[in-house]
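The next block holds one structure in the form of structure tokens; read it before the comments.
Any read-out appearing in this document is the output of simple, stated calculations on the displayed coordinates, not a laboratory observation. Bear in mind that the values here come from a model prediction, so they are computed numbers and not experimental data. For neighbour counting, all protein chains shown are included, and Cβ atoms are generated from backbone atoms with ideal geometry for every residue, glycine included.
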Amino acid sequence: MNSIDILRPSAPPIPRTSPRLGVIRREIHAEIVRSLRTPSFLVPTLAMPLAFYTLFALVLAPPGSQTGVYILATYGVLASLGPCLFGFGAGIASDRDAGILGLKRISPLPAGAFLIARLASAALFTLVVVLALDVLAAGGAGVRLPVQSWFTLLAVHMLSVLPFCLLGLCIGLRTGASAAMALSNLLFIGLAVLGGLWMPLSMFPPVMQKVALALPTYHMSALALQAVGLGIGGSARVHGLCAAAYVLVFGGLAWRAWTANTH
Amino acid sequence: MNPSSSPAIEARGVSHRYGRVPSLSDVDLTIERGAVTALLGPNGAGKTTFVNLVLGRDRPGSGSLTTLGALPGSAAARAGSGVMLQSASLAAQLTVREHVRLFAGYYPSALPVGEVIALVGLEKEADRRYGSLSGGQQRRMQFALAVCGQPALLVLDEPTVALDADSRRLTWAAIRARADAGAAVLLTTHLLEEAEALADRVVLLAGGRILADAPPRAIKARIAEQRITCRSTLSLERITQLPGVIAASSHEGRWSVRTSHAERTLASWLVRDPNLRDLEIARASLEEALAQLLQREAA
């Protein structure tokens, strides 16, 4: 038996009635199974933040430095950016190309349930990587934080899923599969580097630091850094409002794309 | 209106265009329950456009359209519809059984999963992933999802394209069974044979207009032209006077004759020219027959 067989769902009985929640739960389950059976997506997206954390916080960081804490905060944001852009956004684009989304939209499935299922799947994979990062940080890099900080950090990392997935949705609903993949790659690198997820913004020239102010990754990482006591300026309130504004903007654009094209 | 007594589909003066190109012009069509209605027409006739309107994937430019008494694409319309699209794929990573279980869960009175899989003859492939199925098996899988919920309206866009003869018969039987159970079945096809074998009613569509709406036998009589090719010493004038002949021409000594009654044409021809040879008879394509029908109606 290979590892995939273990993932095969056991056979739940088909319910005679279709309560909405049951339908959405089964849809989420199906989406998770799909992702697990696509290792070419799963492995790089999940392993990349962990591999880089190991390298920079465990291997290369000088003893006694704050690196382990700092990049725990920023890589957690990175860990949600990957599944949102590649798993969710580009995934929607390829499902749309294949006609899968179109078929779901004319099926009796409640409108949007398919998107919710894919969103839940992206959130779950984000959670797995973020928790693995936390374990690596606490166990490997010796990061010590108050319990409340751990939970605040986790909340910030998980809330990042919302603006990033809505951004992915805008791309997924507007572009074809290959364009979405290319655009996601560009955005992933651009948003990560310019938002200060790779290296502290203070290492950048002032112009680039200004650019960062306009990026959702910057505000999410600022919130994450504040949670671990390494605030990089600006109040949590302002960063939170900026992140919320991104949710509204990307949400509005995604809604327009969703209603403009029904296929 | 009581949704279970309303017509499955009611179109009144429906028009639609893609950019400046009209794809449907002033279509009136009522699809009743308990019968198979075939939308027959060549590529570009407007069949898929009509299906997209019925499903709410597009909106008519003018006219009114209801599906199961509701707005096309609304939750009420979707809840009672099962659909097989012409160009839709399914998630490659999920198995046949998982797909059926998922879709059956959308409907309140779905058939048991095993029964659906048997209905389309995919028992041996039940635990194989969609991505590893052959083209014909994938089409049968899509058909299974359309029927699994026992929907009141079954919409099938070219359901038997890419199917081998056995699968086609299996699919026809399943479609027939749904109609006999009271469902409205709307299918599109460009094959006269399919419409003839399956449909109670054929709506002939060309250039976005309804050309004819009749039982298959009557449609066939109007468009089932045949082409006789042979060598004969008869003159053009005498050939065109043979019974059933619509048009005749010759090329390199070989006659090509279009007729509405090949048997009657040939019977007279053989009396007048017993030395007729190199005989071939073929059914004219739907496109040819429709072009002829359009010409006749314009004249």
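Filter the trypsin sites (Lys or Arg not before Pro) in the range B:6-93 to those in DSSP coil with at most 14 other Cβ atoms within 10 Å of their Cβ, and list the result.
Here the trypsin sites (Lys or Arg not before Pro) that fit, given the DSSP loop and packing criteria, are B:ARG20.
Separation of the range B:82-142 from the range B:21-35 is 29 Å, based on Cα centroids. Distance between the pseudo-spin-label points of A:LEU230 and A:LYS210 (7 Å out from Cα toward the beta carbon): 2.7 nm.
Fewest first, what order do A:THR54, A:THR126, B:THR66 take by the number of other Cβ atoms within 10 Å?
In order of increasing Cβ crowding within 10 Å: A:THR54, B:THR66, A:THR126.
In the calculated pair distance distribution of the protein assembly as shown, what percentage of Cα-Cα distances lie above 39 Å? Everything past 39 Å amounts to 44 percent. Within straight-line reach of B:LYS47, meaning a Cα separation under 22 Å, sit the following lysines at least 8 residues removed in sequence or on another chain: A:LYS104, B:LYS220.
With the convex hull drawn around the C-alpha atoms of the range B:66-192, the volume per residue stands at 108 Å³. Full extension of the chain between B:SER62 and B:ASP278 yields a length gain of 72.4 nm, computed as 0.36 nm times the residue separation minus the alpha carbon distance. Considering only beta bridges that DSSP places wholly inside chain B, some 65 percent are antiparallel.
Computed from the Cβ-Cβ distance with R0 of 45 Å, the FRET efficiency linking A:TRP198 to B:ASP127 stands at 0.55. Just checking the listed ones, B:ALA284, B:ALA248, B:ALA195: in the Gaussian network model of chain B with Cα springs under 10 Å, the one fluctuating most is B:ALA248. Comparing A:THR126, A:PRO216, A:GLY172 along the charge dipole axis of chain A, the residue lying farthest to the positive side is A:GLY172, per the Cβ-charge model. Within the shell defined by Cβ-Cβ distances under 13 Å, the residues around B:ALA70 carry a net charge of 0, with Lys and Arg each +1 and Asp and Glu each -1. Distance between the 7 Å Cα→Cβ label points at A:SER40 and A:SER178: 1.4 nm. At q = 0.22 Å⁻¹ the log10 of I(q)/I(0) for the range A:196-263 amounts to -0.91, computed by Debye summation with a single uniform scatterer per C-alpha, solvent ignored.
Taking every DSSP beta bridge that has both ends in the protein assembly as shown, the antiparallel portion is near 65%.
Calculated on C-alpha atoms, the gyration radius of chain B divided by its Kirkwood radius gives an Rg/Rh of 1.06. Put a plus charge on the Cβ of each Lys and Arg, a minus charge on the Cβ of each Asp and Glu, and nothing anywhere else: the dipole of chain B about its Cα centre is then about 200 debye.
The range A:179-228 and the range B:226-248 have Cα centres separated by 80 Å. Of the trypsin sites (Lys or Arg not before Pro) in the range A:56-163, the ones in a loop by DSSP (not H, G, I, E or B) with at most 11 other beta carbons within 10 Å are A:ARG144. Cysteine residues of the protein assembly as shown whose C-beta has no other cysteine C-beta under 4.7 angstrom: A:CYS170, A:CYS242, B:CYS148, B:CYS230.
Computed with the Debye formula from one identical point scatterer per Cα of the range A:20-261, without solvent, the log10 of I(q)/I(0) at q = 0.07 Å⁻¹ comes to -0.23. Note on A:MET158 and A:ARG237: the model spin-label points, each 7 Å out from Cα along the C-beta direction, lie 2.6 nm apart.
For the range B:1-91, the convex hull spanned by the alpha carbon atoms encloses 117 Å³ per residue. Near B:ILE9, within a Cβ-to-Cβ distance under 12 Å, what is the net charge of the other residues, with Lys and Arg +1 and Asp and Glu -1? Computed value for this residue: -1.
Subtracting the Cα-Cα distance of B:TYR18 and B:ARG169 from 0.36 nm times their residue separation leaves 50.8 nm of extension gain.
Computed from point charges on the beta carbon alone (+1 for Lys and Arg, -1 for Asp and Glu), the dipole magnitude for the protein assembly as shown about its Cα centre is near 580 Debye. Here is the list for the range B:187-266: GluC sites (Glu not before Pro) lying in DSSP coil, each with at most 11 other C-beta atoms within 10 angstrom of its C-beta, are B:GLU252.
With R₀ set to 51 Å, the beta-carbon distance separating A:LEU60 from A:TRP255 gives a calculated FRET efficiency near 0.70.
Which residues among the range A:67-111 fall inside the zone where the amide N is under 20 Å from a point 7 Å beyond the Cα of A:ALA47, along Cα→Cβ? Within reach of a label on A:ALA47, which here means backbone N under 20 Å from a point 7 Å along Cα→Cβ, the range A:67-111 contributes A:75-76, A:78-88.
Seen from A:ALA122, the other residues with C-beta closer than 14 Å to its C-beta sum to a net charge of -1, counting Lys and Arg as +1 and Asp and Glu as -1.
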